[in-house]
Amino acid sequence: MTRRPAHAPATTGEAPPALITGTEELAALCTRLRQERFVTVDTEFMRERTYWPELCLVQLAGEGEVALVDALAPGLDLAPLGELLADPAVVKVFHAARQDVEIFLLKFGAVPTPLFDTQVAAMVAGYGDQVSYDALCRSLANAQIDKAHRFSDWSARPLSAAQLAYAAADVTHLRRIYTALDGKLQREGRLAWVAEEMAALADPATYRQDPETAWERLRPRTGNRRFLGVLKAVAAWREREAQRINIPRQRLVKDETLLEIAATTPGTAADLARARGISEGFAKGKSGTGLLAAVQAGRETPDEALPEAPKERAGPPASPALVALLKVLLAAKSEEHNVAPKLLASGDDLDRLAGGDGADVAALQGWRREVFGDAALALKTGRLALGVDGRRVKLIRAG
């Protein structure tokens, strides 16, 4: 069934947003939206108590219609939504898309396509680093967002009229933001730049959680390969166990506790219970038994199969003065091309460029190389110098 939330805002000339709770209504909505040029999309979900995100609400807007899909409605089949998100003829517009895309990949087994992320597009268009939705609403949609319900419990039912109005606003104004950014980027010939950035978001590998590499996130500060072998085993166990029972990994076992266990390699439940944050009940239960088995597996890993310590960057350390010059060049190029500095090059990119040839850094790939990378290499080799022209930095070609 479909009902209208009271007091939900609507743009001029369109009906108030509908709350969709039935499969037939969802199918009809998605059929209409598949006739659109683009659809703006957002989600509300809960993840504080679970490993996997719990999808609670999906907001959708075409050029003349806004709807809210109650993903928790009894009996609702979301398959029509999956078909809409997979339709290559309709651009799916998100803001800061990564978490939303991950949810849909888990739900439907595929990344929505084609994708357009207004946060990335705004960085390409010169609106700053990781610009917020609120800021874009003010600058491009002449709208102010009330964030009072930002931390609502979206799993509780019924949803209030205020919650529904808040949720609808997240896709209502996104339409104007998208059309403004799309038009600006098209005029400036930068849509191809955005397309390059969308490739990573569209790659399912971006969202995969590989238990075998989970230990790397802990950033161990040691070259002891046996310690690393145990850490790899217990971190992989935690990832799989957290997925199995669907709780956040930190609620299962905290990072610092894993590091302690990898160092002390407990062999019994009593030994395990001595670790910080591990209760006697946990140590003696199913999870404790699994964790002890992981410790044992790490201890028994053959020497040749142990992980290597993270390698230090090869070559001499980068010159701080050269890094500083590259930062000035980056600021100048960002200003010249009106694009966010962090999108052109990260701090790590600059360090690697200063310390070596940096052949594999993002700043030397694709459109970034054209805008900044080639100039950075020219500066390093003395073919480019920096000067000042009045109140602006200028580039001086040498030779």
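The values are calculated or read from the model by the stated rules, or taken from the named source; none is laboratory data. The model shown is predicted, which means the values in this text are computed figures rather than measured ones. All Cβ positions, glycine included, derive from the backbone under ideal geometry; neighbour counts span all protein chains shown. Surface areas here come from the heavy atoms of the whole protein model, side chains and all, with no ligands, DNA or RNA. Shrake-Rupley method; radii C 1.70, N 1.55, O 1.52, S 1.80 Å.
A few remarks follow.
- Across region 66-103, the number of residues qualifying as within 19 Å of the chain's Cα centre (by Cα) and either farther than 22 Å from Tyr178 by Cβ or without any contact (Cβ under 8 Å) to a residue 40 or more places away in the chain (or both) comes to 1.
- In region 99-112, the count of residues that are more than 18 Å from Ala71 (Cβ to Cβ) and open to solvent by 30 Å² or more (accessible area, probe 1.4 Å) is zero.
- Screening Thr222 on (1) open to solvent by 40 Å² or more (accessible area, probe 1.4 Å); (2) hydroxyl-bearing (Ser, Thr, Tyr); (3) at pLDDT 95 or above shows it passes everything except condition (3).
- Note on region 9-26: among residues that are modelled with pLDDT of 95 or more and either over 29 Å from the mean Cα position of the chain (by Cα) or more than 22 Å from Leu76 (Cβ to Cβ) (or both), the one that is surrounded by the fewest Cβ atoms within 10 Å (Cβ to Cβ) is Glu24.
- Residue ID - most open to solvent (accessible area, probe 1.4 Å), chosen from residues in region 202-213 that are out of contact with any strand residue (DSSP E or B) (no Cβ under 8 Å at 6 or more places or on another chain) and closer than 17 Å to Ile103 by Cβ: Arg208
- Evaluated against (1) surrounded by fewer than 21 Cβ atoms within 10 Å (Cβ to Cβ); (2) among the aliphatic types (A, V, I, L, M); (3) touching a helix residue (DSSP H, G or I) at 6+ places or on another chain (Cβ under 6 Å), Leu115 falls short on exactly one condition, (1).
- Among the residues of region 74-88, those that are open to solvent by 10 Å² or more (accessible area, probe 1.4 Å) and closer than 22 Å to Val120 by Cβ comprise Ala86, Asp87, Pro88.
- Residues that are crowded, with 16+ Cβ neighbours inside 10 Å and more than 16 Å from Lys327 (Cβ to Cβ), drawn from region 367-377: Trp367, Arg369
- When the residues of region 89-98 are filtered to those that are touching a helix residue (DSSP H, G or I) at 6+ places or on another chain (Cβ under 8 Å) and open to solvent by 40 Å² or more (accessible area, probe 1.4 Å), the one that is farthest from Thr206 (Cα to Cα) is Ala96.
- Qualifying residue in region 357-376 (condition: in a loop (DSSP other than H, G, I, E, B), of a type outside the set (Val, Ile, Thr) and more than 20 Å from Lys342 (Cβ to Cβ)): yes
- Subset of region 266-309 [surrounded by 16 or more Cβ atoms within 10 Å (Cβ to Cβ), of a type in the set (Gly, Ala, Ser) and free of Cβ contacts under 8 Å to residues at least 24 places away in the same chain]: Ala269, Ala273, Ala275, Ala283, Gly288
- Taking region 46-64 as the range and being open to solvent by 10 Å² or more (accessible area, probe 1.4 Å) and β-branched (Val, Ile, Thr) as the test, only Thr50 passes.
- Members of region 144-201 found to be charged (D, E, K, R), surrounded by 16 or more Cβ atoms within 10 Å (Cβ to Cβ) and closer than 22 Å to Phe45 by Cα, listed by number: Asp170, Arg175
- Among the residues of region 226-265, those identified as open to solvent by 50 Å² or more (accessible area, probe 1.4 Å) and basic (Lys, Arg) are Arg226, Lys232, Arg240, Arg244, Arg249, Arg251, Lys254.
- Subset of region 127-143 that is of a type outside the set (Gly, Ala, Ser) and assigned to a loop (DSSP other than H, G, I, E, B) - its residue that is surrounded by the fewest Cβ atoms within 10 Å (Cβ to Cβ): Asn142
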